[in-house]
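The values are calculated or read from the model by the stated rules, or taken from the named source; none is laboratory data. The structure displayed is predicted, hence computed values, not measured ones. Ideal geometry is used to build each Cβ from the backbone, glycine not excepted, and the neighbour counts take in all protein chains shown. Just the protein is used for accessible areas: all its heavy atoms, side chains included, with ligands, DNA and RNA removed. Shrake-Rupley method; radii C 1.70, N 1.55, O 1.52, S 1.80 Å.
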Amino acid sequence: MMHQAAIGLGVRTRLLAEGPDVSAAQVVADVTVGDYTDPDTVRAFAAGCDVITFDHEHVPTAILQQLEADGVAVRPGPAALVHAQDKAVMRERLTASGAPCPVFEVVPDADALRAFGERTGWPVIAKTSRGGYDGKGVWKLDGPEQAEVPFTGLREGVQVVAEEFVDFARELSALVVRSPSGQAVAYPVSETVQRDGVCVETTTPAPGLSEEQATAAQHLALSLAAELEVVGLLAVELMQRRDGSVVVNELAMRPHNTGHWSIDGAHTSQFENHLRAVLDLPLGDPTARQPWTVMGNVLGGAEEDLPSALLHCFARDRRLRAHLYGKEVKPGRKVGHVTTFGRDLDDVRRRARHAAGYLMGDPDA
Ligand code: ADP
């Protein structure tokens with residue numbers, strides 16, 4: 001999807017892919033297949049690139065520091081990106097800068113985790129500091145007898161972060177984009193729904209969020225982007241408590257699933273604005289084209305022939321937008337998304353849920 005935006009900008013992309021069949025390798029012409037955790041591979045790949053950016057956050061910080069030392073433009077740079085790579089670093093920095101966070105502690109062992117739980121009360125959320133995604137590496141621990149769980153099979157250099165369990169009413173996402181020269185734009189705040197740690201749906205703007213709350217969330221994201229000197233997209237995932245207040249869940253520094261609505265729903269998509277930022281071009285208008293936009297993720301389900309299932313979806317809804325990622329359908333895997341927009345939120349949601357459900361093999365959705 002970033003490549004799609006690059007075409008319109010006249011930008012040539014070169015891809016470092018972990019395998020020959022990954023989604024991006026199916027569309028980018030200049031592909032190197034290699035291991036992004038191997039310094040020599042990444043260095044050789046970067047030679048000749050004007051700027052390096054990412055669609056995930058797992059390239060080791062040390063390799064990116066080395067690239068920067070070699071004079072390569074890495075955007076976002078490792079000093080910013082580490083806050084999206086390492087949840088312990090992120091929590092410490094955000095708490096120090098006064099951003100609202102859950103009570104947390106980096107716990108060295110199960111005893112320390114038990115002591116944390118005794119202090120804050122159970123359940124406790126435990127997370128690995130690095131390497132997690134889509135709810136992998138996040139556990140809800142109901143009592144002290146589960147304290148060993150996050151330490152089992154922990155990789156070297158990875159820590160366990162214990163957090164107070166936030167009994168949130170809903171989750172929100174505030175996306176902003178910042179360029180090296182300091183220009184920044186904020187997308188409307190989205191409501192996001194996660195199931196088993198995986199995003200299934202977003203609604204933009206977040207229904208029932210007052211203008212004051214929305215502006216505060218955008219302001220928080222803009223000030224974090226400035227403070228951390230992020231270049232490109234910053235997604236601030238928020239948990240909203242029942243009293244309306246928010247705490248930061250985590251940060252992402254790349255086009256984010258909660259911004260996929262913007263491809264069809266905003267004047268400038270998150271992918272295009274991310275590229276414009278890393279290239280230091282003027283940023284585009286992030287506002288929505290329609291009063292409501294709903295994005296439904298298509299997770300691998302009973303339907304394996306997605307292109308055929310689209311026949312039904314498109315015949316039924318001429319305004320439906322669909323994006324399939326060219327991935328093999330496996331249970332629960334994100335294989336595409338659909339977007340609907342319009343003036344009537346109930347109708348927009350119903351259409352998105354039907355299409356996403358149908359593509360997941362549920363014709364009655
Ligand atoms: P990942 O990196 O896998 O996306 P997150 O840190 O975003 O992991 O956590 C995944 C989900 O777990 C969140 O979307 C939220 O629903 C839930 N969660 C995370 N932290 C907390 C917390 N402190 N209290 C309650 N729920 C949480």
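Scanning the stretch 112-127 for residues that are surrounded by 14 or more Cβ atoms within 10 Å (Cβ to Cβ) and outside any helix (DSSP H, G or I), which turns out farthest from the ligand (Cβ to nearest atom)? Checking each candidate, the answer is 122. Meeting the requirement of 1 or more residues that are farther than 25 Å from residue 136 by Cβ, the strands (runs of 3 or more DSSP E) wholly within the stretch 148-209 are 170-178, 184-186, 198-204.
Of note, residue 78 satisfies the criterion of being more than 12 Å from the ligand (Cβ to nearest atom), out of contact with any strand residue (DSSP E or B) (no Cβ under 8 Å at 6 or more places or on another chain) and open to solvent by less than 30 Å² (accessible area, probe 1.4 Å).
When residue 189 is tested against (1) modelled with pLDDT under 95; (2) more than 12 Å from the ligand (Cβ to nearest atom); (3) not hydroxyl-bearing (Ser, Thr, Tyr), just one condition goes unmet, and that condition is (1).
Answer yes if at least one residue in the stretch 259-275 is within 16 Å of the ligand (Cβ to nearest atom) and either at pLDDT below 95 or under 30 Å from residue 219 (Cα atoms) (or both), and no otherwise. Looking for residues that are within 16 Å of the ligand (Cβ to nearest atom) and either at pLDDT below 95 or under 30 Å from residue 219 (Cα atoms) (or both), one finds at least one in the stretch 259-275, hence yes.
Out of the residues in the stretch 133-147 that are within 10 Å of the ligand (Cβ to nearest atom) and either in a loop (DSSP other than H, G, I, E, B) or more than 21 Å from residue 168 (Cα to Cα) (or both), state the one that is most open to solvent (accessible area, probe 1.4 Å).
134
Scanning the stretch 41-56 for residues that are under 13 Å from residue 254 (Cβ atoms) and either open to solvent by less than 20 Å² (accessible area, probe 1.4 Å) or not in a loop (DSSP other than H, G, I, E, B) (or both) turns up 52, 54. Taking the conditions (1) without any contact (Cβ under 8 Å) to a residue 12 or more places away in the chain; (2) under 17 Å from residue 286 (Cβ atoms) in turn, residue 208 satisfies each one other than (2). Look at residue 103 and say whether it is open to solvent by 30 Å² or more (accessible area, probe 1.4 Å), under 20 Å from the mean Cα position of the chain (by Cα) and among the hydrophobic types (A, V, I, L, M, F, W, C). Considered against the rule, which asks whether it is open to solvent by 30 Å² or more (accessible area, probe 1.4 Å), under 20 Å from the mean Cα position of the chain (by Cα) and among the hydrophobic types (A, V, I, L, M, F, W, C), residue 103 comes out as no.
Note on the stretch 2-33: residues that are touching a His at 6+ places or on another chain (Cβ under 8 Å), of a type in the set (Val, Ile, Thr) and closer than 20 Å to residue 277 by Cα amount to 1.
As a summary of the residue check, residue 109 satisfies the conditions (1) more than 16 Å from the ligand (Cβ to nearest atom); (2) in contact (Cβ under 8 Å) with a residue 60 or more places away in the chain except for the one numbered (2). Of all residues in the stretch 209-256, those satisfying the criterion of being within 23 Å of residue 297 (Cα to Cα), open to solvent by 20 Å² or more (accessible area, probe 1.4 Å) and more than 11 Å from the ligand (Cβ to nearest atom) are 209, 254. Answer yes or no: is there a residue in the stretch 150-173 that is among the aromatic types (Phe, Trp, Tyr), touching a residue at least 40 places away in the same chain (Cβ under 8 Å) and either surrounded by 20 or more Cβ atoms within 10 Å (Cβ to Cβ) or within 12 Å of the ligand (Cβ to nearest atom) (or both). So far as the stretch 150-173 goes, yes, one or more of its residues are among the aromatic types (Phe, Trp, Tyr), touching a residue at least 40 places away in the same chain (Cβ under 8 Å) and either surrounded by 20 or more Cβ atoms within 10 Å (Cβ to Cβ) or within 12 Å of the ligand (Cβ to nearest atom) (or both).
Among the residues examined, residue 130 qualifies as under 23 Å from residue 61 (Cα atoms), open to solvent by 60 Å² or more (accessible area, probe 1.4 Å) and either part of a loop (DSSP other than H, G, I, E, B) or within 16 Å of the ligand (Cβ to nearest atom) (or both). Considering 296, 259, 265, the condition of being buried (at least 24 other Cβ atoms within 10 Å of the Cβ), under 13 Å from the mean Cα position of the chain (by Cα) and not hydrophobic (A, V, I, L, M, F, W, C) is satisfied by 259 alone.
Being crowded, with 20+ Cβ neighbours inside 10 Å, of a type in the set (Val, Ile, Thr) and either near the ligand (Cβ under 9 Å from one of its atoms) or modelled with pLDDT under 95 (or both) is the filter here; which residues of the stretch 192-208 pass it? Correct list: 192 only.
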